[in-house]
Amino acid sequence: MQNFNNMKHFINLKDISAKDLRKILVDAKKRKADRKNLNHLQTDKGAPLKGKLLIQMFEKSSLRTRLSFYLAIKQLGGGTLTLRSNELHLGEGGESIADTAKILSTYGNGFMLRTDSDLKIENFKKYMTIPIINGLSPFSHPTQILSDIFTVEEIKNKPISKLNIAWIGDSNNVLNSLISASVKFNFKLSIGCPKNYQPNKSLLSWAKKTNKKIYIYHDSKKAVFNADVIFSDKVISLNDKVNKKKKLSDFKKFRITQKLISYAKKDCSFLHCLPRGNEVDEKVFFSKKSKVWQQALNRVHVQKSILLYCFGKLR
């Protein structure tokens with residue numbers, strides 16, 4: 001049975017201290033710089049996670065999270081094994097989460113789960129003796145947003161607390177993590193969404209107790225006014241059980257176009273966690289303002305530092 005003295009989980013940004021989140025970003029910046037002349041599969045100096053196995057399990061599709069965690073653990077000297085939940089005895093009439101968690105804890109050193117249930121993550125956490133990382137759940141996408149903060153600071157070359165951040169689009173798990181991040185990193189966040197698509201009420205009231213700089217607009221122009229960075233995400237997400245035609249029509253005025261971006265700062269940058277739909281104009285997506293590829297690649301660097309944090313080996 002594994003037992004890491006400094007083992008930590010990485011489930012929701014709101015539950016991790018601002019100090020630890022900043023330490024992860026500082027480490028990621030250094031690691032990225034140190035890798036300049038190395039190829040994808042070359043190991044970081046010192047191979048800090050040599051001999052460690054990360055087990056990944058996906059209940060929903062994944063491209064960037066899967067690839068980036070594979071490379072992250074590999075570059076730290078460890079290895080990864082990917083499971084699909086339908087290949088396990090998990091679930092109805094199968095094996096309990098408690099028993100599965102015990103087996104995973106015996107064979108692996110860390111567990112990354114992309115799931116359709118936040119309760120499932122909490123249950124795994126209860127029974128695991130190894131760190132668990134949330135690779136996306138209905139409520140949050142913490143690894144994505146922490147990496148996005150890294151990208152923003154890299155592009156703008158200043159702390160995010162000095163910047164105006166705008167979110168245009170649906171109130172979803174990515175926005176929930178961005179709201180949590182706005183508290184931890186103390187930045188101004190303007191959210192632009194239609195009236196019936198408000199952010200999570202209890203999260204918002206928790207956030208507003210600490211961060212008085214969160215604003216909600218039902219007018220996309222007002223939301224992007226004076227923004228340094230505009231975030232967006234797919235309006236119709238993977239498992240959306242909604243009337244898609246109606247939802248797309250509700251978001252018509254929240255499309256990211258060049259005209260909309262003209263209300264933001266001149267040197268405004270555009271970020272999108274991908275995959276994209278038609279919520280962003282091609283001209284914007286492929287423009288100089290768009291930093292989506294840099295954003296996607298940074299996932300590897302930040303997730304390496306997240307893994308080190310979870311294993312209690314962050315420098």
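Would you check if there is a residue in region 81-92 being at pLDDT 95 or above, of a type outside the set (V, I, T) and open to solvent by 70 Å² or more (accessible area, probe 1.4 Å)? There is at least one residue in region 81-92 that is at pLDDT 95 or above, of a type outside the set (V, I, T) and open to solvent by 70 Å² or more (accessible area, probe 1.4 Å).
Please determine whether any residue of region 267-275 is open to solvent by 30 Å² or more (accessible area, probe 1.4 Å), under 30 Å from K247 (Cα atoms) and outside any helix (DSSP H, G or I).
Yes, region 267-275 contains at least one residue that is open to solvent by 30 Å² or more (accessible area, probe 1.4 Å), under 30 Å from K247 (Cα atoms) and outside any helix (DSSP H, G or I).
Would you confirm whether any residue within region 226-249 is within 20 Å of K14 (Cα to Cα) and at pLDDT 95 or above? There is at least one residue in region 226-249 that is within 20 Å of K14 (Cα to Cα) and at pLDDT 95 or above. Confirm whether L49 is surrounded by 14 or more Cβ atoms within 10 Å (Cβ to Cβ) and under 25 Å from L274 (Cβ atoms). No; evaluated as a whole, the condition is false for this residue. Here Y217 fulfils each of the conditions (1) within 30 Å of D34 (Cβ to Cβ); (2) in contact with a helix residue (DSSP H, G or I) (Cβ under 9 Å, 6 or more places away or on another chain) apart from (1).
Every residue in region 154-203 that is among the acidic types (D, E) and under 20 Å from K289 (Cβ atoms), please. Selection gives E154 alone. Report yes if A296 is part of a helix (DSSP H, G or I) and at pLDDT 95 or above, otherwise no. The answer is yes for A296.
When E153, E95 are checked against the criterion of being open to solvent by 10 Å² or more (accessible area, probe 1.4 Å), among the acidic types (D, E) and in contact with a helix residue (DSSP H, G or I) (Cβ under 7 Å, 6 or more places away or on another chain), E153 stands alone in meeting it. Scanning region 230-267 for residues that are in contact with a Cys (Cβ under 8 Å, 6 or more places away or on another chain) and either polar (S, T, N, Q) or over 16 Å from D281 (Cα atoms) (or both) gives no hits. Of the numbered conditions (1) in contact with a helix residue (DSSP H, G or I) (Cβ under 6 Å, 6 or more places away or on another chain); (2) of a type in the set (D, E); (3) exposed (fewer than 13 other Cβ atoms within 10 Å of the Cβ), D233 fails exactly one; give the number of that condition. Unmet for D233, out of (1) in contact with a helix residue (DSSP H, G or I) (Cβ under 6 Å, 6 or more places away or on another chain); (2) of a type in the set (D, E); (3) exposed (fewer than 13 other Cβ atoms within 10 Å of the Cβ): (3). The single condition from (1) within 30 Å of S17 (Cβ to Cβ); (2) open to solvent by less than 20 Å² (accessible area, probe 1.4 Å) that L297 fails is (2). Within region 21-33, residues that are more than 10 Å from V302 (Cβ to Cβ) and in a helix (DSSP H, G or I) reach partners that are open to solvent by 80 Å² or more (accessible area, probe 1.4 Å) and at pLDDT below 95 with beta carbons closer than 9 Å, at six or more positions or on different chains, in the pairs K23/R315; V26/R315; K30/R315.
The values are calculated or read from the model by the stated rules, or taken from the named source; none is laboratory data. It should be emphasised that the depicted structure is a prediction, and the values quoted were computed from it without experimental measurement. Positions of Cβ are backbone-derived with ideal geometry, glycine not excepted, and every protein chain shown enters the neighbour counts. Areas reflect the complete protein model, heavy atoms only, side chains present, ligands, DNA and RNA absent. Shrake-Rupley method; radii C 1.70, N 1.55, O 1.52, S 1.80 Å.
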